[in-house]
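A.B. asks: Starting off with a structure, shown below.
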Amino acid sequence: MKKSFWGVIWSSFLRVQGVLIGVLAVLLWLFSPDKNISLRWALPIGLFCVILILTLGNTAYEAFKISKHVLPMVLAGKKPPKHIPGAKLLCLIEPSELFSHDTLVSFYYIGDENFEQLMGIGTVINIQEDSKIQVVMFYSFDGYEEKIEKLVQNDAGILKRTRVKPNIPKIYLDKILQGG
């Protein structure tokens, strides 16, 4: 679930212990030594400034992390419904702003050498109310039948090593359109 800007600021304030430091600032203001009047004002103001700086710094960091577009993880795989002709696989992936309904997608398997290998091509068929995304594979490449079958069986090891990207390489689009 996305947070509003003020929601991110509030969670950052809580993360840097702003409430505790704020209470400490008030206590220091109330019970400061009477020998130095300026310290009575300097400590609470200084602590308030520290809270503000930490909160804004943490907010900037959280906003930066949120703004990074990371590919979603594959959560589950299963046999596609029969009403989708030609479908080989149905996957549920994490919410992502990179995908929209009917987006062409590519399925990659991360091999032992950490190279991503194109397994198949499909499309987004649904974005659920909880923002999780359903993608279906229509076209698969030779040699990946076993991995696709393990995805259909919801194999955790294969799920971890599978990525779904919101595009397909042009060369493969041309081949599919030409019937190859």
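A.B. asks: Kindly check whether there is at least one residue in the range 106-120 that is without any contact (Cβ under 8 Å) to a residue 40 or more places away in the chain, in a strand (DSSP E or B) and under 30 Å from I66 (Cα atoms).
C.D. replies: Taking every residue of the range 106-120 in turn, at least one turns out to be without any contact (Cβ under 8 Å) to a residue 40 or more places away in the chain, in a strand (DSSP E or B) and under 30 Å from I66 (Cα atoms).
A.B. asks: Sticking with this structure for a sec: Which number in (1) out of contact with any Asp or Glu (no Cβ under 8 Å at 6 or more places or on another chain); (2) closer than 18 Å to L90 by Cβ marks the one condition that I133 misses?
C.D. replies: Going through the list (1) out of contact with any Asp or Glu (no Cβ under 8 Å at 6 or more places or on another chain); (2) closer than 18 Å to L90 by Cβ, I133 breaks only (1).
A.B. asks: Please go through the range 1-15 and pick out each residue that is surrounded by 13 or more Cβ atoms within 10 Å (Cβ to Cβ), outside any helix (DSSP H, G or I) and either hydroxyl-bearing (S, T, Y) or modelled with pLDDT of 80 or more (or both).
C.D. replies: Of everything in the range 1-15, nothing turns out to be surrounded by 13 or more Cβ atoms within 10 Å (Cβ to Cβ), outside any helix (DSSP H, G or I) and either hydroxyl-bearing (S, T, Y) or modelled with pLDDT of 80 or more (or both).
A.B. asks: Among the residues of the range 51-72, which ones are part of a loop (DSSP other than H, G, I, E, B) and either modelled with pLDDT of 80 or more or touching a Ser or Thr at 6+ places or on another chain (Cβ under 9 Å) (or both)?
C.D. replies: Within the range 51-72, H69, V70, L71, P72 meet the criteria.
A.B. asks: Moving on. Inside the range 127-180, counting only helices (runs of 4 or more DSSP H) that do not spill past its ends, which hold 3 or more residues that are surrounded by 17 or more Cβ atoms within 10 Å (Cβ to Cβ) and either in the same structural domain as E94 (by TED's automatic domain parsing) or over 19 Å from the mean Cα position of the chain (by Cα) (or both)?
C.D. replies: 145-152
The values are calculated or read from the model by the stated rules, or taken from the named source; none is laboratory data. What you are looking at is a predicted structure, and each value in this text was computed from that prediction instead of being measured. Please note: Cβ atoms are built from the backbone with ideal geometry, for glycine as well, and neighbour counts cover all protein chains shown.
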